[in-house]
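Visitor: Mind looking over this structure? Questions follow.
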Amino acid sequence: MLKTVENFIREQDLIPAGSTVLCAVSGGADSIAMLHILYRLRDQLDFTLAAAHYNHQLRGAESDRDQRFVEQFTALCCGEHRLARGDIVPAVRLYTGSGDVARQSRLRGTGIEETARDMRYAFLRQTAEEAGADLIATAHTASDNVETILFHLARGAGLRGLGGILPRRDNIIRPLLTVTRRQVEDYLRLWCLPCMEDSSNDNDDYTRNRIRHQVLPVLEDVAPGFAARLVNTAALLRADEEVLTDQARALAESARVQDGGLSVSARAIAAAPDPVASRCLRLLLGRLWGGDQNCGAAHLSALLRLCRGTSPSAELYLPRNTNARRSYDRLLLVPRIGLIPLEVATLSLPGHQDCGPWHISVQREDFRGQPQTPWDFWLDGAAIQALTVRPRRAGDRLTPPGRLGKTVKKWMIEERLPRFQRDALPVFDCCGQIAAVAGLGPDRSFVPREGQHAWHITVSNIE
């Protein structure tokens, strides 16, 4: 299995020489195997390794048990190592974090699994910056990939969904994507490595568990080797998807900025084959929505009909307060209405307050090292006695934790925040100093120390 993973990393160029990799470790079999394999491959592949564990606080004592286990395993099995030639490879440093997922799920009105994933990845991204890591490794296996593909197939999906989990997306890599769960278990037995079992994996209330326990065994019985063949099929579909997306990207690059949105030739989109045209529209919406391309098939079909229609001034309402308009031969994707103006206001500390299009919640809490996110962050309670919310101003600067300072305008451009939204994002002002900006997060000067009293601020859109 070690050689299989090494070959996959080399074939996909997942870990360039000189990289620093942050390994996400839950304590389960897959992540323990990945940590151990990457620990053994550091010298051959010439990279630095760190590890991170996030406690979701969902399973009480069991969650705390998993964290203690990961701490002990990393200390005992991933320590300093001397190579045969005499060089010393340093021990793997472990970073830990935690968050009350259930509470955040209630505050956000989102599902437990979605909230847990968002909070975990926010922690991993922040930790990667702290550790100087170029890459974050997650322990998705071929078995996870099969379950994902079947889940997408059941819900209805195109090539992108049926391509399954990508070996790499941005700075997230999946080194175990070609090995099965059974191979992972065999590896742990071979090396006598312990792991922790998550009791929720046995709960068939979760769709993925039902696919794992009830659907896959039947398919393997009907067609032995089904999982391996499906993984190979997914790789072929991903290659097809890449070709179509490249063609769509070339078409989308012809769009220009106009009226706070995007303008593109409706005729060019109408003339493209459906698979290319729909991908082009998805790319354009992703550009307008700050990188999020999550648009339903029904809306994409309606957009394509708009491009192929004969009315020179037809209009279509889209999610996220967006309009699609025909202006003769041009398709305009623009904000439907301007955002509610943001006026200067003094926040209640603690309290809840509506400011323009935003709902701002401020609560007094002890800071326990929770991950700071652009919309959910903690500010130093001792340094802030009063906090004002206002729109951004020319020259405003922000220095996020672990990053260099820049103007707020440059950060908003770099973080791809929608242009029409930028003047309506709340700037948190403490006696003339910027403590945080919604959508960008806190300034490092106002980040509290662990155990310190802090203001926990959550910013959400008013629906």
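Here, each number is a calculation from the coordinates, and none is a lab measurement. Model, not experiment: these values are computed from the prediction. Here the Cβ is made from the backbone with ideal geometry for all residues, glycine too, and neighbour counts use every protein chain on show.
Visitor: What is the calculated FRET efficiency for Arg305 to Glu253, with r their C-beta to C-beta distance and R₀ = 25 Å, to the nearest 0.05? Don't skip to the end; give the middle numbers.
Guide: Values: r = 23 Å, r/R0 = 0.93.
So the FRET efficiency works out to roughly 0.60.
Visitor: Another question about this same structure. Take every Cα pair under 8 Å in the chain that's 6+ residues apart, average their separations, divide by the length, and report that relative contact order as a whole percent.
Guide: 12
Visitor: Which of the GluC sites (Glu not before Pro) found in segment 1-103 are loop residues per DSSP with 10 or fewer other Cβ atoms within 10 Å of their Cβ?
Guide: Listed in order of number, the matching sites are Glu80.
Visitor: Rank Leu162, Leu94, Pro217 by how far each Cα sits towards the positive end of the charge dipole of the chain (+1 on Lys, Arg Cβ; -1 on Asp, Glu Cβ) and give me just the farthest.
Guide: Projecting each Cα onto the dipole axis, the largest value belongs to Leu162.
Visitor: Per the Debye formula with a single identical scatterer at each Cα and no solvent contribution, what log10 I(q)/I(0) holds for the chain at q = 0.08 Å⁻¹?
Guide: -0.57
Visitor: To continue, here is another question. Using the Cα centre of segment 345-461 as origin and beta-carbon charges of +1 (Lys, Arg) and -1 (Asp, Glu), tell me which of Gly432, Ser460, Gln370 is placed farthest towards the positive end of the dipole.
Guide: Projecting each Cα onto the dipole axis, the largest value belongs to Gly432.
Visitor: Obtain the nm distance between the two label points defined at Thr20 and Leu236 by a simple spin-label model: each point lies 7 Å from its Cα along the Cα-to-C-beta direction.
Guide: With each label placed 7 Å out from Cα toward Cβ, I get 4.3 nm.
Visitor: Placing unit charges on C-beta atoms (Lys and Arg positive, Asp and Glu negative, everything else neutral), compute the dipole magnitude of the chain about its Cα centre in debye, rounded to 20.
Guide: Values: 57 positive and 55 negative charges, 281 e Å.
Here the chain has a charge dipole of around 1340 debye.
Visitor: Can you sort Glu147, Glu315 from fewest to most other Cβ atoms within 10 Å of each residue's own Cβ?
Guide: Details: Glu147 24, Glu315 12.
With the fewest neighbours first, Glu147, Glu315 line up as Glu315, Glu147.
Visitor: In whole Hz and in residue order, list the ³J(HN,Hα) couplings for segment 143-156 that follow from phi through the Karplus curve 6.51 cos²θ - 1.76 cosθ + 1.60, θ = phi - 60°; x for Gly and Pro.
Guide: Taking θ as phi minus 60°, the curve returns 5, 4, 5, 4, 4, 5, 5, 5, 5, 5, 4, 5, 7, x Hz for segment 143-156.
Visitor: Then there is this: Which of the three applies to segment 256-335, rounded, prolate or oblate, going by the alpha-carbon gyration tensor with a ≥ b ≥ c and a/c under 1.5 meaning rounded? Show your work: numbers first, answer last.
Guide: On the way: a/c = 1.44, a/b = 1.13, b/c = 1.27.
Here segment 256-335 falls in the rounded category.
Visitor: Let me ask another. Applying 1/(1 + (r/R0)^6) with R0 = 30 Å to the Cβ-Cβ distance of Arg182 and Ser361, what FRET efficiency is obtained, to the nearest 0.05?
Guide: 0.05
Visitor: Ranked by Cβ crowding within 10 angstrom, fewest neighbours first, how are Phe226, Phe69 ordered?
Guide: Working: Phe226 15, Phe69 18.
Final ranking by Cβ density, sparse to dense: Phe226, Phe69.
Visitor: Using Cβ contacts closer than 10 Å as the measure, can you line up Cys295, Cys192, Cys77 from fewest to most?
Guide: Lowest count first: Cys192, Cys77, Cys295.
Visitor: Then there is this: Hand me the chymotrypsin sites (Phe, Trp or Tyr not before Pro) from segment 353-420 located in a DSSP loop with no more than 12 other Cβ atoms within 10 Å, in residue order please.
Guide: none
Visitor: A further question follows. Rounded to the nearest 0.05, what FRET efficiency do Gln57 and Glu343 have when you use their Cβ-Cβ distance and R0 = 41 Å?
Guide: After rounding to 0.05, the efficiency reads 0.65.
Visitor: Right, here's the next one. Rounded to the nearest 500, what is the chain's calculated 222 nm mean residue ellipticity when only DSSP H runs of at least 4 contribute -39500 (n - 2.57) each, over all residues?
Guide: Details: 15 runs with 179 residues, N = 463.
About -12000 deg cm²/dmol.
Visitor: Could you list which residues have their amide H under 5 Å from that of Trp375, counting only those 5 or more apart in sequence or on another chain, with H placed in the peptide plane?
Guide: It is Gly439, by chain and number.
Visitor: Here is a follow-up. Rounded, prolate or oblate, given the Cα gyration tensor of segment 3-158, with a/c below 1.5 counting as rounded?
Guide: Oblate, because a/c is 1.5 or more while a/b does not exceed b/c.
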